[in-house]
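The structure appears right after this line, and notes come after that.
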Amino acid sequence: DIQMTQSPSTLSASIGDRVTITCRASQSISGWLAWYQQKPGKAPKLLIYKASNLEIGGPSRFSGSGSGTEFTLTISSLQPDDFATYYCQQYKSPPWTFGQGTKVEVK
Amino acid sequence: QVQLQESGPGLVKPSETLSLTCVVSDYSMTGDFFWGWVRQPPGKGLEWIGSIQHSGSTYYNPSLKSRVTMSVDTSKNQFSLNLSSATAADTAVYYCARLTWTRYFDHWGQGVLVTVSS
């Protein structure tokens with residue numbers, strides 16, 4: 001199985017901050033990576049697919065980059081609605097696996 | 001906009017079979033997507049359980065393969081999950097979701113909490 005490791009596990013930030021979350025794969029996944037946002041008690045929501053493609057309707061302050069084994073999700077200017085947990089997911093080869101999550105909390 | 005809704009018992013006894021159904025609305029399951037289940041134990045991360053196509057073709061996570069069965073009923077536009085020999089470790093919120101042909105999850109149900117306890 002391909003292991004996905006996110007860092008940090010928790011991130012404390014303030015409104016307006018630029019936030020970066022890293023996701024590393026245990027082997028190359030090319031660009032087959034998605035990012036999801038999950039709020040407490042809610043289902044995950046697709047943000048980014050194929051490493052850097054913003055899902056339709058997604059805020060433009062979210063961007064993704066990377067290829068191979070290292071990927072980043074960036075929030076250019078953190079907004080109140082962005083406090084949540086973020087997960088990466090590889091879909092290069094089954095079983096499809098997720099990172100352990102990064103919680104973005106209020107500083 | 002496709003919608004998915006899970007249903008099933010919220011409480012399952014140990015050693016019994018956990019059974020859930022997902023009804024898909026506003027999209028025909030015979031289209032070019034896959035359908036799957038993901039679970040999330042309380043306070044923990046996400047685990048893909050398995051996926052199914054409208055043809056009935058399935059792929060299961062090897063870690064659960066021996067206990068998982070998925071089926072589809074295109075006449076009712078729904079698909080189902082059976083997880084046998086349930087234990088407390090299977091206690092989780094279970095989500096059904098649509099997968100694109102490349103296998104990321106673009107639409108999710110709201111989730112249903114299933115507790116395995118006597």
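The values are calculated or read from the model by the stated rules, or taken from the named source; none is laboratory data. Computed from a predicted model, the values in this text were never measured in an experiment. FYI the Cβ positions are ideal-geometry reconstructions off the backbone, even for glycines, and counts take in every protein chain you see. Surface areas here come from the heavy atoms of the whole protein model, side chains and all, with no ligands, DNA or RNA. Shrake-Rupley method; radii C 1.70, N 1.55, O 1.52, S 1.80 Å.
Please give the average number of partner chain Cβ atoms lying within 10 Å of the Cβ of each residue in A:90-97, rounded to a whole number.
Across A:90-97, the average partner-chain Cβ count within 10 Å equals 6.
Using only the Cα atoms of region A:30-107, build the gyration tensor, take square roots of its eigenvalues as a ≥ b ≥ c, and label the shape rounded, prolate or oblate: rounded if a/c is under 1.5, else prolate if a/b is larger than b/c, else oblate.
Prolate shape, in that a/c is at least 1.5 and a/b is the bigger ratio.
With an 8 Å cut-off on Cα pairs and a minimum separation of 6 or more residues, tell me the relative contact order of region A:4-86 in percent.
It rounds to 35 percent for region A:4-86.
Looking at region B:11-44, which chymotrypsin sites (Phe, Trp or Tyr not before Pro) are DSSP coil and have at most 16 other C-beta atoms within 10 Å of their C-beta?
B:Y27
Output the relative contact order of chain B, whole-number percent, from Cα pairs under 8 angstrom with separation of 6+ residues.
Relative contact order, chain B: 36 percent.
A:S77 label point, 7 Å along Cα→Cβ, cut-off 16 Å on backbone N: hits in region A:7-42?
Inside the label zone: A:14-19.
Once label points are set 7 Å from the Cα along Cα→Cβ at both A:R18 and B:S7, what is their separation, rounded to one decimal in nm?
Distance between the two pseudo-spin positions: 5.0 nm.
Could you state how much accessible area is buried at the B-A interface, both sides summed, with a 1.4 Å probe, in Å² to the nearest 100?
Answer for the B-A pair: about 1600 Å² buried.
With every protein chain present, what is the per residue accessible area of region A:34-79 (1.4 Å probe, Å²)?
Result: 45 Å² of accessible area for each residue.
Find the lysine pairs in the protein assembly as shown meeting two conditions, Cα atoms under 25 Å apart and a separation of 8 or more places or different chains, and report how many there are.
Going through the protein assembly as shown pair by pair, I get 23.
What's the center-to-center distance, using Cα atoms, between region B:43-102 and region A:7-70 in Å?
Answer, in whole Å: 24.
Using a 1.4 Å probe on protein heavy atoms, which residues of region B:33-70 have at least 10 Å² less accessible area in the complex than alone?
Correct list: B:Q40, B:G45, B:L46, B:W48, B:Y59, B:N61, B:P62.
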